[in-house]
Amino acid sequence: MPGLARHDLDALRLKIAALEKRPLLAEGAAMLAQRLGQAANDKGETADPLELLAAPNGLLHEVFADEQRQSAAALGFTFGLARQLLTTQRQAVLYLQLMGESQELGLPYGAGLTQFGIDPARLVIGRIDNMTELLWAMEEAIACRAVAGVIADLASHPKALDFTVSRRLSLRAAAAGTSAFLVRYGRGREASAAKLRWRISPAMSGEVPFDPRAPGIPRFQVEIEKGRLGDKTQRAEGKTMLVDWTENGFVSVEPRRRTATAVQRTAPPSRPVAAPLGHRLSQAG
Amino acid sequence: MRLAAVDAVAAKANLISGQNLSDARALVPELEVREIDRVYLEQVFADFADWHSNASPIVAVHTATAPYGDLILDITGVSHLFGGEQRMLELLVSRLRGLGFTVSGAIADTVGAAWALAHFATGSIVPSGETEAALAPLPIVGLRLEEAQVAGLNQMGLKSIGQLYGRDRRALQARFGETLILRLDQALGRIEERITPRLPIAEYYAERRFAEPIGYMDDVLMTARDLAIQLGLRLQAEGVGAQTFHLLLYRVDHKVMNLTINAGRATRDPNHIAQLFVHRSERLEGEYDAGFGIDMIRLAASSLAQVQSTQLGAFEVADGAQDLDRLYDRMTSRLGPLALTRSKFVNTHIPERAAKLEPVIAQTEDDPEALPDPELRRPLRLLPSPEPINVMAEVPHGPPMRIIWRRIAYRILKASGPERIEAEWWRSGKNLEVLERPERGSKKRDPRDDPKTDKPKPKEPEHVSTLAAFDPLTTVRDYYIIEDDGGRRFWIFRIGLYGAAEAPRWFLHGFFA
């Protein structure tokens, strides 16, 4: 029976993973595989890329943007992923940056964070002198069980960040159940032990009701470059999707009907109009 | 130029300090002279004073007569540890003589009396109440007076301190100034004289002396751990915890190293304290130098606060706040106190002032009125300093059609705005700091991933820029949210109005996701 054989195979994999002293890593993968299995029961079918957006904790992600000027899209998407990991036990998100790169990339701005469901008081911004210290800080934060996610925003391509280091981060993340995100820029890809790699680029936003000229809510083009969480996710590699970030999380947008937003949302009119009129207009929408 | 100090050989040649250099040269033509480095001497003497805190917690440098050279120890309640005042004085003086210094010392009730005795009757110990008699035969100079005062008194035939005792105070004050009376009273203990200890006085501390000096950092850290256990028990008995811990390392060659750590909330957990010192020591790099060894280590606690030792309520949710505090403590002890920050809102409309960064271990109360208006769209990332852009607009006061930022042109398809933010007229100060155009050609390979390069660190602009001065024509800002054909969303603003004397300028301030 093929189903039984697969079950045995999974059990064997878990056993090997346990022998290799990375039980939680295997567990995280198994959890996701099970969840994805429920979504697409037929084993021949590939996983829905949207399911991957709700990846379990304890994984190392890489989020790539092609250029540094797309830094806000990459960070916004990462915050979207990290926000789903917040629980009552894990309330903090750490954002780490190298000293001196803040003018290059910009710093997370408190008033803009609330839009991403992250309490600015819970986001700790670390600005660190050099890469060695940053990696130490990352490992230290990953090991803490009260941290939901650690985000490292790196404008440069440091030599210190090689495969060994990423493997180390990945194992640490799996052991403590804290997710780690490496936000990187550029088209080059280095060998990495990250389980998931996303390529993010900003996309033209949808229409805002009553103001066709105003920029709408955040919209990203997401490509899954790597999804090593099992056969199904592996088959989803190379898939591209268009998602909006709304107050309720990521919402998929049909590429053909790009103009229609997935969720109705009122936005303040952009033209300087009298305040009561503007208020009525937004209520009508 | 005068001689400030002479060594033994020079003294034999009848040279004295205070002599004219030309006179001295005339007497001894082969005289070797070096210029005195007072700043260095002051520093060395200050180190030297710190080291003496292994004898008594209150040590000060006496600066009333000279910036260095006189050391005062308050030995109240300490001398019995050394086997009496006599033996303590002998020990302190002899250990300095052993290091090759010329030392004289005395013990008396007051700072002034001790000073006079140390300078003019070395080695004497005056029991309490006999100060007046002990000072009487000493010369007037022992009162720490100015040269003119001493000369005047000598002219009057007043050579010893005892001759002043019965005199009319008013006449003395009128003739020689207020300071004479002040110094006399201080010496006799009629007026209190305060000394300022160089090291903070800690109520709780634990210390260990070594028979043989130690040198390795590992040994120091192990001792710190032992001391933390001792100190933790004492703090527990009192029901308190501390936020600041000082580890003082006393070197054999009279220097003290001070390692300080700060915890986010008051603690007395020895493991935590010891770990913070381990991280702090990693940040030392080359600073740590044990010299000829360390013969005493003291761990002192300050910034005390009450700490509950009882169990928390049965329905308390384990939200990991304690774990987080400890994580931040560990990270700041290694990365520095300003490395970890969080946003705090400030009640203002000026965007770069509305959220400031505050160190996680020194949190202050949130201002509920400062929470940002949720209706206003604010960017996800803000540039610490706005960068200038070139703008082509369709109509003078409308949103731009094309912008050029960092030498790349963007075609703007969508825009909303303006949101006008006025300057705060009730503040005055400098204008908003904006970034000048960077020199792209001179950019080299980034040295940042290599920690060993000794290049200067890139200057970090402050997150909160300086304030904009109130000038209605130049500091009104009109903010626009724009989106280009690639979906990139920017937050830009215009300073100034069209038609004003100065042309309006455009800046890029942030990015929307």
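The values are calculated or read from the model by the stated rules, or taken from the named source; none is laboratory data. Remember, it's a predicted structure, so these values are computed and weren't measured experimentally. All Cβ positions, even for glycine, are placed from backbone atoms using ideal geometry, and neighbour counts span all protein chains on display. The protein model used for the area step is the full one, side chains on, heavy atoms only, and it has no ligands, DNA or RNA in it. Shrake-Rupley method; radii C 1.70, N 1.55, O 1.52, S 1.80 Å.
Structure above, values below:
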| read-out | value |
| --- | --- |
| The stretch A:150-259 - accessible surface per residue (Å², probe 1.4 Å) | 40 |
| Whichever aspartates and glutamates have a C-alpha closer than 19 Å to that of residue A:15, once near sequence neighbours (fewer than 8 apart) are set aside | A:27, A:231 |
| From the C-alpha gyration tensor of the stretch A:47-253, square roots of 5λ in Å | 25, 20, 17 |
| Student exercise, the stretch B:37-188 dipole from Lys, Arg, Asp, Glu Cβ charges, in Debye to nearest 20 | 380 |
| Cα long-axis angle, helix B:111-120 against chain B (0 to 90 degrees, to the nearest 10) | 50 |
| Of the trypsin sites (Lys or Arg not before Pro) in the stretch A:148-217, those whose Cβ has at most 10 other Cβ within 10 Å and which sit in DSSP loop | A:159, A:187 |
| Ranking by accessible area, most exposed first, for B:392, B:222, B:257, A:131 with a 1.4 Å probe | B:222, B:392, B:257, A:131 |
| Under 14 Å, Cβ to Cβ, from residue A:78 - net charge with Lys/Arg +1 and Asp/Glu -1 | +3 |
| Placed amide H near residue B:204: partners under 5 Å, 5+ positions off or other chain | B:301 |
| Area hidden from solvent between B and A (accessible, protein heavy atoms only, 1.4 Å, total, Å²) | 6200 |
| Average projected area [Cα convex hull, the stretch B:37-188], square nanometres | 9.7 |
| Size of charge dipole - chain B - debye, nearest 20, with Cβ of Lys, Arg +1 and Asp, Glu -1, no other charges | 1180 |
| Over 32 Å between alpha carbons, listed pairs A:159/A:195; B:159/B:255; A:159/B:344; A:195/B:414; A:159/B:414; B:12/B:159 | B:159/B:255; A:159/B:344; A:195/B:414; A:159/B:414 |
| Per-residue [θ]222 nm for chain B (sum of -39500 (n - 2.57) over DSSP H runs n ≥ 4, rounded to 500) | -8000 deg cm²/dmol |
| Rg and Dmax [Cα atoms of chain B; Å; Rg one decimal, Dmax integer] | 33.2, 98 |
